Amino acid sequence: MIWDAQTKFIMGKIDEAAYQAEIEKWKKAGGTKIMEEYKADYLKTHKK
């Protein structure tokens, strides 16, 4: 979902506002949870 929006943005098929809307849609569809999981794993492996 996010990669499709990124590709469309790079190719000029959608503008920045549409790209941001796609990001928000992705977040609501589970993207926020994915970001939280990646962050938690990153913090586990990069402890100071």
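The values are calculated or read from the model by the stated rules, or taken from the named source; none is laboratory data. Fair warning: this is a prediction, and the values are worked out from it, not measured in the lab. Positions of Cβ are generated from backbone atoms using ideal geometry, with glycine treated the same way; all protein chains shown enter the neighbour counts. With ligands, DNA and RNA removed, areas are computed over all heavy atoms of the protein, side chains included. Shrake-Rupley method; radii C 1.70, N 1.55, O 1.52, S 1.80 Å.
If I ask for residues that are open to solvent by 100 Å² or more (accessible area, probe 1.4 Å) and either charged (D, E, K, R) or touching a residue at least 24 places away in the same chain (Cβ under 8 Å) (or both), which ones from the stretch 32-46 would you list? Once the filter is applied, which keeps residues that are open to solvent by 100 Å² or more (accessible area, probe 1.4 Å) and either charged (D, E, K, R) or touching a residue at least 24 places away in the same chain (Cβ under 8 Å) (or both), the stretch 32-46 yields Lys33, Glu36, Lys39, Lys44.
Check Trp3, Trp26 and return the single one that is among the aromatic types (Phe, Trp, Tyr) and open to solvent by 90 Å² or more (accessible area, probe 1.4 Å).
Details: Trp26 fails: open to solvent by 90 Å² or more (accessible area, probe 1.4 Å).
Only one candidate passes the filter, namely Trp3.
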